[in-house]
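Report on one structure; see the data block that follows.
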Amino acid sequence: MAYDKFTLLTSTAVPLPIENVDTDQIIPARFLKATERKGFGDNLFRDWRYNNDDTPKKDFVLNNPIYSGKILVGGKNFGSGSSREHAAWAIYDYGFRCVVSSFFADIFKGNAINIGILPVQVSEAFLDQIFKAIEVDPATSITIDLNAQTIKLEATGATESFAINGYKKHNLINGFDDIDYLQAMKSDIKAFASLHSI
Amino acid sequence: MSNKPSTLFDKVWDAHVVRKIEDGPDVFFIDRHFIHEVTSPVAFLGLESRGIDVMFPECTFATADHNTPTINQHLPVADPLSANQLQALERNSAKYGISHWGLGDPKNGIVHVVGPENGITLPGMTIVCGDSHTSTHGAFGAIAFGIGTSEVEMVLSSQCIMQPKPKKMRINVNGNLGKAVTPKDVTLYIISQLTTAGATGYFVEYAGDVFENMSMEGRMTVCNMSIEMGARGGMIAPDETTFNYINGREKAPKGEAWDKALAYWKTLKTDAGADFDKEYHFDAADIEPMITYGTNPGMGMGISKHIPKATDLEGGVATYAKSLKYMGFEEDQLMIGKKVDYVFIGSCTNGRIEDFRAFASIVKGRKKADHITAWIVPGSHIVEAQIKEEGILDILTEAGFQLRQPGCSACLAMNDDKIPAGKYAVSTSNRNFEGRQGPGSRTLLASPYVAAAAAVTGMVTDPRELL
């Protein structure tokens with residue numbers, strides 16, 4: 001599926017300073033019953049966000065109007081658990097384009113990039129600086145420059161660089177996806193398959 | 001070809017690289033692709049919107065499991081959304097010529113149970129599915145891991161995914177396992193030592209005599225849980241136990257093809273002196289029957305122990321406190337004697353025949369505790385038939401238990417099998433995340449023995465006292 005190109009993003013951020021945020025929290029299994037990729041944002045963090053009677057839980061960050069933006073900042077080991085791409089879809093559909101954490105679970109990280117969300121892995125110390133800056137001023141901005149591979153806290157000017165492989169970076173900047181790439185090399189794949197015996 | 005010692009993982013991985021992209025992933029060829037109703041529909045929509053076909057439909061196998069009822073499977077599925085997903089799987093499979101074991105089919109069951117039991121899963125293969133517990137198939141010496149729906153679409157359309165090669169980890173467990181210590185306890189112990197993210201970025205090989213002496217069912221339980229310490233997958237070198245399990249299964253090679261395959265499979269082991277990026281050694285004697293007390297699978301301990309204090313652990317104190325609060329537990333609390341409300345035995349982790357044999361061995365001659373609701377869910381119709389043939393059903397019935405029909409059931413609670421808010425469930429499944437088994441549910445992960453001990457006593461009980 002095509003997604004918006006990602007180059008430069010300056011935005012306020014939503015803080016979620018919890019470790020091991022698993023994909024069952026991001027989107028519980030009972031909301032995986034759709035056969036189309038629509039409306040998953042409504043159920044993002046469903047059980048942290050809403051009471052059993054569907055009223056919003058006032059103390060959850062997504063229900064606090066002082067926090068908003070296209071960047072979600074999570075604690076260490078973000079996205080552990082299931083391979084459900086629905087977790088990344090829910091984050092994208094809600095309006096986030098970037099998730100920042102000091103550590104990501106593998107499958108979530110791959111799923112996010114595949115649908116056009118940039119996962120930015122920073123040091124523990126930098127993550128703490130981000131949480132503190134948002135705590136001091138929820139309207140503070142963060143700038144993520146994919147070309148330069150840097151993340152900058154506008155409040156303090158603190159900057160850190162992040163890693164991403166060149167292939168995926170190129171894809172995100174241009175809005176390309178892996179299926180385009182694989183379709184273009186189908187004859188090579190056929191040749192490989194004909195020699196590959198299993 | 002170099003003569004450098006190579007790992008099992010390298011041998012299988014390198015045989016499947018179609019192209020290496022500089023500063024990028026490998027284009028990685030997939031031998032077997034399993035699909036189910038939840039993570040495949042959007043991939044098929046993607047094919048349609050791009051106007052592309054399935055490249056090798058004979059390499060993809062569909063089964064319905066995540067969203068299926070575990071009673072009255074002969075009736076129409078009541079939930080319209082679930083029914084819609086099941087119909088989409090059937091329709092998409094038919095349209096593209098993919099084998100489909102839908103609800104009611106005698107081969108139907110949990111994807112990671114039916115693949116191996118029908119001889120689809122073989123050593124040396126690359127196997128993927130839109131489900132993180134695809135790591136199960138690594139028990140056969142295959143590279144098997146979970147993928148997202150975008151990747152499901154890649155495999156359908158090109159039989160490849162784009163995958164950076166993970167680092168390599170070897171986990172050795174040697175020695176003799178104690179009484180009532182099962183493969184589930186071995187894996188929960190390893191995860192408790194490494195933590196829930198301790199193997200992220202790695203692919204694991206399990207080695208040592210504990211795994212060599214394990215049945216295929218046990219090896220599948222161990223490899224299944226690899227993802228719970230963050231590893232993409234885990235694998236065990238194939239041996240006579242593996243070959244004996246596969247031989248004669250429906251889709252396994254036969255005759256000359258068997259001989260040829262066997263000769264290849266026997267080369268699939270790590271050479272002496274091969275390098276790993278990380279290696280751990282554990283002593284089997286240190287492992288006792290395990291139980292989890294928190295909200296990730298790394299929060300496990302020996303059943304006789306006290307819940308750890310936050311100060312004794314790595315990681316955030318606030319996150320730990322949040323987890324214990326959700327569970328209704330306190331630091332330093334003893335788990336033994338804790339009242340339990342529900343017991344679930346089943347799932348791709350512990351839904352195979354050996355698991356039900358273990359459960360029955362404790363239940364035999366005892367009665368279900370009155371206040372316990374027990375869901376006993378075989379992993380497949382083939383397992384269900386074995387339960388009946390071996391007389392296990394009679395033991396269960398005599399003790400006051402009922403057998404349900406196959407599916408993922410309360411492991412992820414997508415169907416009606418949901419643990420109510422605030423209730424405690426001893427579960428043989430794989431995840432104890434908040435709300436995993438139903439909103440507000442509290443999960444204690446454990447082995448079939450511990451589940452059986454809870455089912456007959458109504459509380460957390462050391463199974464060694466009942467065996």
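Do any helices (runs of 4 or more DSSP H) entirely within region B:38-145 hold 2 or more residues that are more than 11 Å from every other protein chain (Cβ to nearest Cβ) and within 20 Å of B:Cys348 (Cα to Cα), and if so, which?
Result: B:111-117.
Taking the criterion of being basic (Lys, Arg), in contact (Cβ under 8 Å) with a residue 24 or more places away in the chain and either within 12 Å of chain A (Cβ to nearest Cβ) or within 30 Å of A:Ile26 (Cβ to Cβ) (or both), would at least one residue in region B:410-431 satisfy it?
Looking through region B:410-431, at least one residue is basic (Lys, Arg), in contact (Cβ under 8 Å) with a residue 24 or more places away in the chain and either within 12 Å of chain A (Cβ to nearest Cβ) or within 30 Å of A:Ile26 (Cβ to Cβ) (or both).
Which of (1) within 24 Å of B:Leu81 (Cβ to Cβ); (2) in contact with a Leu (Cβ under 9 Å, 6 or more places away or on another chain); (3) of a type in the set (Val, Ile, Thr) does A:Ile71 not meet, given it meets every other one?
(1)
With (1) surrounded by fewer than 21 Cβ atoms within 10 Å (Cβ to Cβ); (2) in contact with a strand residue (DSSP E or B) (Cβ under 8 Å, 6 or more places away or on another chain); (3) assigned to a loop (DSSP other than H, G, I, E, B) as the list, and A:Asn20 as the residue in question, which single condition is left unmet?
The single condition A:Asn20 does not satisfy is (1).
The conditions are (1) out of contact with any Ser or Thr (no Cβ under 6 Å at 6 or more places or on another chain); (2) assigned to a helix (DSSP H, G or I); (3) not polar (S, T, N, Q), and B:Ala453 fails exactly one of them. Which is it?
(1)
Take the residues of region A:23-42 that are β-branched (Val, Ile, Thr) and in a loop (DSSP other than H, G, I, E, B): which is modelled with the lowest pLDDT?
Once the filter is applied, the top-ranked residue is A:Thr35.
Quick one: what pairs do we get from region A:174-191, first residue within 7 Å of another protein chain (Cβ to nearest Cβ), second assigned to a helix (DSSP H, G or I) and among the β-branched types (Val, Ile, Thr), C-beta under 8 Å, 6+ apart or different chains?
A:Leu182/A:Ile189
Which of the residues belonging to region A:130-153 are buried (at least 17 other Cβ atoms within 10 Å of the Cβ), out of contact with any Phe, Trp or Tyr (no Cβ under 9 Å at 6 or more places or on another chain) and more than 10 Å from A:Ala13 (Cβ to Cβ)?
A:Lys152
For A:Ala90, indicate whether it is buried (at least 21 other Cβ atoms within 10 Å of the Cβ), out of contact with any strand residue (DSSP E or B) (no Cβ under 9 Å at 6 or more places or on another chain) and away from chain B (no Cβ under 11 Å).
It is true that A:Ala90 is buried (at least 21 other Cβ atoms within 10 Å of the Cβ), out of contact with any strand residue (DSSP E or B) (no Cβ under 9 Å at 6 or more places or on another chain) and away from chain B (no Cβ under 11 Å).
Being over 17 Å from the mean Cα position of the chain (by Cα) and in a loop (DSSP other than H, G, I, E, B) is the filter; apply it to region A:163-198 and report the residue that is modelled with the highest pLDDT. Break it down into steps so the answer makes sense when it comes.
So in region A:163-198, the residues over 17 Å from the mean Cα position of the chain (by Cα) come out as A:166-167, A:170, A:174, A:176, A:178-198.
From what's left, in a loop (DSSP other than H, G, I, E, B): A:176, A:185, A:196-198.
Working: A:Phe176: 92, A:Met185: 97, A:His196: 91, A:Ser197: 73, A:Ile198: 60.
Looking at the filtered set, the residue picked out is A:Met185.
Only one of these is modelled with pLDDT under 95 and over 17 Å from the mean Cα position of the chain (by Cα): B:Gly104, B:Gly46, B:Gly124. Name it. Show your work before the answer.
Values: B:Gly46 fails: modelled with pLDDT under 95; B:Gly124 fails: modelled with pLDDT under 95.
The unique qualifying residue is B:Gly104.
Which of the residues spanning region B:193-207 are under 17 Å from the mean Cα position of the chain (by Cα) and part of a strand (DSSP E or B)?
B:Phe203, B:Val204, B:Glu205, B:Tyr206, listed by residue number.
Name the residue that is surrounded by the fewest Cβ atoms within 10 Å (Cβ to Cβ), counting only residues in region A:154-173 that are touching a residue at least 60 places away in the same chain (Cβ under 8 Å) and either within 14 Å of chain B (Cβ to nearest Cβ) or among the hydrophobic types (A, V, I, L, M, F, W, C) (or both).
Here is the first cut: in region A:154-173, the ones touching a residue at least 60 places away in the same chain (Cβ under 8 Å) are A:154, A:172-173.
So of that shortlist, the ones also either within 14 Å of chain B (Cβ to nearest Cβ) or among the hydrophobic types (A, V, I, L, M, F, W, C) (or both) come out as A:172-173.
Numbers: A:Leu172: 21, A:Ile173: 13.
Among those that are touching a residue at least 60 places away in the same chain (Cβ under 8 Å) and either within 14 Å of chain B (Cβ to nearest Cβ) or among the hydrophobic types (A, V, I, L, M, F, W, C) (or both), it is A:Ile173.
Kindly indicate whether A:Lys76 is at negative phi, basic (Lys, Arg), surrounded by fewer than 22 Cβ atoms within 10 Å (Cβ to Cβ) and touching a Phe, Trp or Tyr at 6+ places or on another chain (Cβ under 6 Å).
yes
With the checklist (1) in contact (Cβ under 8 Å) with a residue 24 or more places away in the chain; (2) more than 7 Å from every other protein chain (Cβ to nearest Cβ); (3) under 23 Å from B:Ala83 (Cβ atoms) in hand, flag the one item A:Thr23 doesn't pass.
Unmet for A:Thr23, out of (1) in contact (Cβ under 8 Å) with a residue 24 or more places away in the chain; (2) more than 7 Å from every other protein chain (Cβ to nearest Cβ); (3) under 23 Å from B:Ala83 (Cβ atoms): (3).
Which numbered condition trips up B:Ala285, out of (1) within 14 Å of chain A (Cβ to nearest Cβ); (2) in a helix (DSSP H, G or I); (3) touching a residue at least 12 places away in the same chain (Cβ under 8 Å)?
Single failed check for B:Ala285: (1).
Name the single residue that is surrounded by the fewest Cβ atoms within 10 Å (Cβ to Cβ) among those in region B:385-419 being among the acidic types (Asp, Glu) and over 21 Å from B:Pro76 (Cβ atoms).
So the residue we want is B:Glu389.
Can you find even one residue in region B:174-184 that is more than 14 Å from every other protein chain (Cβ to nearest Cβ), buried (at least 22 other Cβ atoms within 10 Å of the Cβ) and in a helix (DSSP H, G or I)?
Residues of region B:174-184 more than 14 Å from every other protein chain (Cβ to nearest Cβ): B:174-184.
Checking the rest, the ones that are also buried (at least 22 other Cβ atoms within 10 Å of the Cβ) come to B:180-184.
Now restrict to residues that are in a helix (DSSP H, G or I): B:183-184.
Yes, because at least one residue in region B:174-184 is more than 14 Å from every other protein chain (Cβ to nearest Cβ), buried (at least 22 other Cβ atoms within 10 Å of the Cβ) and in a helix (DSSP H, G or I).
Can you go through B:Met301, B:Met290 and tell me which one is at pLDDT 95 or above, under 19 Å from B:Ala199 (Cα atoms) and among the hydrophobic types (A, V, I, L, M, F, W, C)?
After applying the criteria, what remains is B:Met301.
Going by the conditions given, is A:Phe104 more than 14 Å from chain B (Cβ to nearest Cβ), buried (at least 21 other Cβ atoms within 10 Å of the Cβ) and closer than 25 Å to B:Ser132 by Cα?
For A:Phe104, the condition - more than 14 Å from chain B (Cβ to nearest Cβ), buried (at least 21 other Cβ atoms within 10 Å of the Cβ) and closer than 25 Å to B:Ser132 by Cα - is not met.
Can you tell me which residue among A:Gly75, A:Gly81 is within 12 Å of another protein chain (Cβ to nearest Cβ), within 25 Å of B:Gly294 (Cα to Cα) and out of contact with any helix residue (DSSP H, G or I) (no Cβ under 6 Å at 6 or more places or on another chain)?
Exactly one residue qualifies, and that residue is A:Gly75.
The values are calculated or read from the model by the stated rules, or taken from the named source; none is laboratory data. In this text, all values refer to a predicted model and were calculated from it rather than measured experimentally. Glycine gets a Cβ as well: all are built from the backbone with ideal geometry, and neighbour counts include every protein chain shown.
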